[in-house]
Number of protein chains: 4
Amino acid sequence: MKFEELRIKTLAANKALVEHGLVVFTFGNVSMVDRKEGVIAIKPSGVGYEEMSPGDIVVLDLDGRIAEGSKKPSSDAPTHIELYKNFNEIGAIVHTHSKNATAFAQAKKPIPCLGTTHADYFYGEIPVTREMTKEEVERDYERNTGRVIVELFNEKGINPLQVPACLVAGHGPFAWGRTVDSAVYNAVMLEEIAGMAVETLELNPNAELPSFLLDKHFFRKHGKNAYYGQKEQ
Amino acid sequence: MKFEELRIKTLAANKALVEHGLVVFTFGNVSMVDRKEGVIAIKPSGVGYEEMSPGDIVVLDLDGRIAEGSKKPSSDAPTHIELYKNFNEIGAIVHTHSKNATAFAQAKKPIPCLGTTHADYFYGEIPVTREMTKEEVERDYERNTGRVIVELFNEKGINPLQVPACLVAGHGPFAWGRTVDSAVYNAVMLEEIAGMAVETLELNPNAELPSFLLDKHFFRKHGKNAYYGQKEQ
Amino acid sequence: MKFEELRIKTLAANKALVEHGLVVFTFGNVSMVDRKEGVIAIKPSGVGYEEMSPGDIVVLDLDGRIAEGSKKPSSDAPTHIELYKNFNEIGAIVHTHSKNATAFAQAKKPIPCLGTTHADYFYGEIPVTREMTKEEVERDYERNTGRVIVELFNEKGINPLQVPACLVAGHGPFAWGRTVDSAVYNAVMLEEIAGMAVETLELNPNAELPSFLLDKHFFRKHGKNAYYGQKEQ
Amino acid sequence: MKFEELRIKTLAANKALVEHGLVVFTFGNVSMVDRKEGVIAIKPSGVGYEEMSPGDIVVLDLDGRIAEGSKKPSSDAPTHIELYKNFNEIGAIVHTHSKNATAFAQAKKPIPCLGTTHADYFYGEIPVTREMTKEEVERDYERNTGRVIVELFNEKGINPLQVPACLVAGHGPFAWGRTVDSAVYNAVMLEEIAGMAVETLELNPNAELPSFLLDKHFFRKHGKNAYYGQKEQ
């Protein structure tokens, strides 16, 4: 296998979703991109996490054609490709139907930034896409799912590395990162802060975080003035 | 034992309910039907899941008479039989008191279809039966429980393979499927989407999913145009 | 040890609370009564569940004097004794601060009977005591806790074997049974139905169960016409 | 290592946070103080709990200078130091982003004392700090976090050993104790009572506990008249 290492890493990340309690049965998928080779590796469609082996991971070129592998790729592959094409610095994408984040997506509400746990990883609210039209759903649905995410980040001028997650209205969350580890990390934190947000809004529907506290927490962990962790990030 | 294989499979499915966290103590039951032989296999009444062996599973004919086995069958057996007689294509039934789905049943509210996680497995809301009358409860209660489910699906024209679950008002959920694996799968997904729905409605009481998105997700997984998974379903 | 068997059983039941997720640290306690010998066995005060051995269990007479054991008994012992003296048919008592049942106790609201899961084990709402007076709290507090429970059951004419649990206002739940197994069982079911009730009331604040359905479910499991389980109960 | 024992104990307490389900990834931190030596030991910044060894724990003097260790200390170290300098009797501090307590902190609401579970460990509501100003956040943020906690306890005249926890507005909980075991214990109980409080307020927004019941429960466990546990505390 030419892309053995990529497939092994992609498999490990997919299995990490189960360990973190983000998925049940065959739900969810992780992909990684190799930008030099112009390919992505992604989970096969409808295969259980337990029985999955590196050989089941599917490698696709950026037009969605199979480059290596004998399984059908995740039906969400066109969404992943659309994001890789437009968010040039991301290296991996995680899609789940994790409970709390999906509740916000189904409610068609962004997850507001209500505290420093959120601000440590996401520079502002987790936005929610507009609803897709009947035409967008009926034709080229999965690719259009990627398009409405990209459209949202462009229109709002959001940097996808500063807000590495998005909610698709009526569907669920996508998270990403420079590396596959950070993408999985962000998917876990997204679910965590979504759960806190549900409870916070129940206690105080008007809760909000001042922007200077958001700035403080995000930039003590990210960017050139970061001072959290053992080395500069 | 003539029905050894049927009893082994039925036992395994009953034990799967425990693994998926859907039942405590002796709550819940799974049955399977063998339509050629005209029998069903069902969990015994009030026996703990841990100590249960294939020989404890009770085989009944479709009039509810014991065909094989020395235990008393689940007191819900007449409900299961009523469903098998009227829903000709189902092969297994799962009854639980799983927390979130039971909350909707107790609230006497259907679980609305609020997102694609729901739409992937259930073609529309999970309906709730009407309340049973005093007479229906006092006489032939368990069989009448099956009857109000069948009545509901008939009156609303719902295909039980497209919406493979129902809430019994004031009681709890029943789920089913062509196979015992799909019946257990549907019972787990039902609980999952019920939990998401509680939280979604808390965030937005007016949340809803457009019908074309329901169509898209259900039919990409089910029916002749399905394109999810490794083969046609 | 004269009361070795009683202490071993009481220990096992206390440890079962941990397995069922009803207690953290040293919270909660189980006692058993031996009515012939006129003694109860109860958990020691403030001892961790992991390190507890049969010799730590304290045996008291019904005036609260130590009959066997070198540890101090649970500070709740006078509450248990008061209940044994007044509820003549119960054989064991379980006190926990389990989350959902405690929330109702703190809210000073009974747990209404909203479904058949509740009706299978408790014949009607789980009542909540009146608030205790300053005098009752400051003097003989733990014994008075037992007294307000007994007062409540007497005033409302509730049979403690038909409703084997009570919420103490601002405090938490007590459950009991003829045997120690049924007392633990009832404590687990109480927490389960409390969790379902919170969610049901959130979905429908006016939810209720008709009395004929309560009758049906309770009496198919309890009393001379019961037909649930493998033998008469 | 001069401070080997201190570092080993601090490590064990940090790992206990994971066992109690209070932290994910590198979130949270525990410190201990050695007042004779004038040093604190604290978790390193951004290091995973699994791989952490005693040599990773950082020892600082009370001016925040490294006394022993090669790692960077937790970025929250100045908050811990500020608390040790002002709360003279505490021996250890635990900071987490545990879900329920953080929800109250984000809602900027104190956790009211709603029941005896709370009253057993905290003598009254868990207070929440005022919001910090832009200036306090931008300059010397972590030290100012400690200062607003101290300011709150001073202004309200709260004894930090009687209420061994505080919520920082928009951020999360800090808990502490005379010993590291009691600090971890208090952090766990804080999360427990926060979860109960969310649910209690949902059931009854006007719930409250009379002060004489608070007095009774707190002082049966704490102070010279305590009678809970196996010895005087």
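The values are calculated or read from the model by the stated rules, or taken from the named source; none is laboratory data. No experiment lies behind these values; they were computed from the predicted model shown. Don't worry about glycine lacking a Cβ; one is built from the backbone with ideal geometry, like all the others, and counts go over all protein chains shown. These accessible areas exclude ligands, DNA and RNA; they are computed on the full protein's heavy atoms, side chains included. Shrake-Rupley method; radii C 1.70, N 1.55, O 1.52, S 1.80 Å.
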Table column - 3J(HN,Hα) (Hz), segment C:29-40, Karplus curve with 6.51, -1.76, 1.60, x for Gly and Pro
6, 10, 10, 10, 10, 10, 5, 5, 7, x, 9, 10
Simple Cβ-charge dipole of segment C:115-233, Lys/Arg +1 and Asp/Glu -1, about Cα centre, in debye nearest 20:
540
C-alpha center-to-center spacing [segment D:172-217, segment A:22-96] in angstrom:
46
Mean Kyte hydropathy of 1.0 or more with a Cα span along the axis of at least 15 Å, helices from DSSP in chain D
none
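Please compute the volume of the convex hull spanned by the alpha-carbon atoms of chain A and report it per residue in Å³. List each step's numbers first, then the result.
Details: hull volume 30.4 nm³, N = 233.
Normalising the Cα hull of chain A by residue number yields 131 Å³.
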Mind running the shape call on segment B:63-164? Use the C-alpha gyration tensor, a ≥ b ≥ c as the square roots of the eigenvalues: rounded below 1.5 for a/c, prolate if a/b tops b/c, oblate otherwise.
prolate
Position residue A:38, label points 7 Å along Cα→Cβ, spacing to each other copy in nm (shortest first, one decimal):
6.7, 6.7, 9.5
Segment D:1-133: relative contact order as a whole-number percent, Cα under 8 Å and 6+ apart:
22
Over 29 Å (Cα to Cα) - which of A:85/A:224; B:71/C:15; A:9/B:9; A:36/D:43; C:156/D:221; B:36/B:216 fall in this group
B:71/C:15; A:9/B:9; A:36/D:43; C:156/D:221; B:36/B:216
For the protein assembly as shown: rounded, prolate or oblate by the Cα gyration tensor [a/c cutoff 1.5]:
oblate
Would any residue of segment C:42-66 have its amide N under 13 Å from a label point 7 Å out along Cα→Cβ of residue D:227? List them or say none.
C:64-65
Got the relative contact order for chain A handy, in percent, Cα pairs under 8 Å and 6 or more residues apart?
20
Per the rotation taking chain D to chain B, min distance Cβ-to-axis on chain D (residue, whole Å) equals D:202, 5
Chains D and C together, accessible area buried on both sides, 1.4 angstrom probe, square angstrom:
3000
Ascending list, in nanometres, of distances separating the residue A:162 label from those of the other copies (7 Å, Cα toward Cβ):
4.7, 4.7, 6.7
So, counting K/R as plus one and D/E as minus one, what does the shell of residues with Cβ under 14 Å around residue A:120 add up to?
-1
Every other copy gets compared here: list the nm distances from the residue D:63 label point (7 Å along Cα to Cβ) to its counterparts, shortest first, one decimal.
6.8, 6.8, 9.6
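Could you work out [θ]222 nm for chain D from helices alone, using -39500 (n - 2.57) per DSSP H run of at least four and dividing by all its residues? Round to the nearest 500 deg cm²/dmol.
One gets -12500 deg cm²/dmol as the mean residue ellipticity at 222 nm.
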To the nearest 0.05, the calculated FRET efficiency linking residue D:140 and residue A:139 through their beta-carbon distance, R0 being 45 Å, is 0.20
Zone reached by a paramagnetic label modelled 7 Å from residue C:62 Cα along Cα→Cβ, restricted to segment C:15-56 with backbone N below 13 Å, covers C:33-40
